[in-house]
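First up is the structure itself, then whatever we jot down about it.
Since every read-out is calculated from the coordinates, none of them should be taken as a lab result. These numbers were taken from a predicted model, which means no experiment stands behind them. No Cβ is skipped: glycine too gets one built from the backbone with ideal geometry, and neighbour counts run over all protein chains shown.
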Amino acid sequence: MKKLIILIALAVLVISASAQQAVNNSKSQFLLIVRFKTDFKPTSDEVVKNNIKKWQDYMSGLAKAGNLVGGYRPSGDGVTVSGETKSTKSSPYVANGEQVSSMLVIAAENMDAAKAIADKCPVFEFGGSVEIRPLMNMAGQ
């Protein structure tokens, strides 16, 4: 599973770093929060390789279309701070058996267009999910 996560992370980072394009200013920005099932077990290495290829195609397609603003992949390490007492747990946050695997910032005309982009995400092949959130620029406010 860690091999899958690392390979997908590398694909996302390499493609997003090398394929950043100017985004049409008339489009809104949306955050795609991609989550994977922590208990997912691929049936074979070939299935993983095919999924990585689909990720590469997905990311390069977003870049070529001018929809990719940025792509980020948190490491598998982390600390979760919770509650009024600020208790800490030495691991990333997992909810409903899912953990954030990557975050993409995309440009789209509206929520429906953002959903259409998210619908093509290869994470669904492995039972994952994509949360779509409109972004508001709060810098300087």
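Worth pointing out:
- Cα gyration tensor, region 72-140 - rounded (a/c under 1.5), prolate or oblate: oblate
- Cα gyration tensor category, rounded, prolate or oblate, for region 52-100 with a/c compared to 1.5: prolate
- Taking Lys and Arg as +1 and Asp and Glu as -1, the other residues whose beta-carbon sits under 9 Å from that of residue 98 total +2.
- Entries of 89/120; 53/120; 37/120; 41/86; 27/115; 54/89 with Cα pairs more than 22 Å apart: 89/120; 41/86; 54/89
- Extending 7 Å from Cα along the Cβ direction at residue 110 and again at residue 64 yields two label points whose distance is 2.8 nm.
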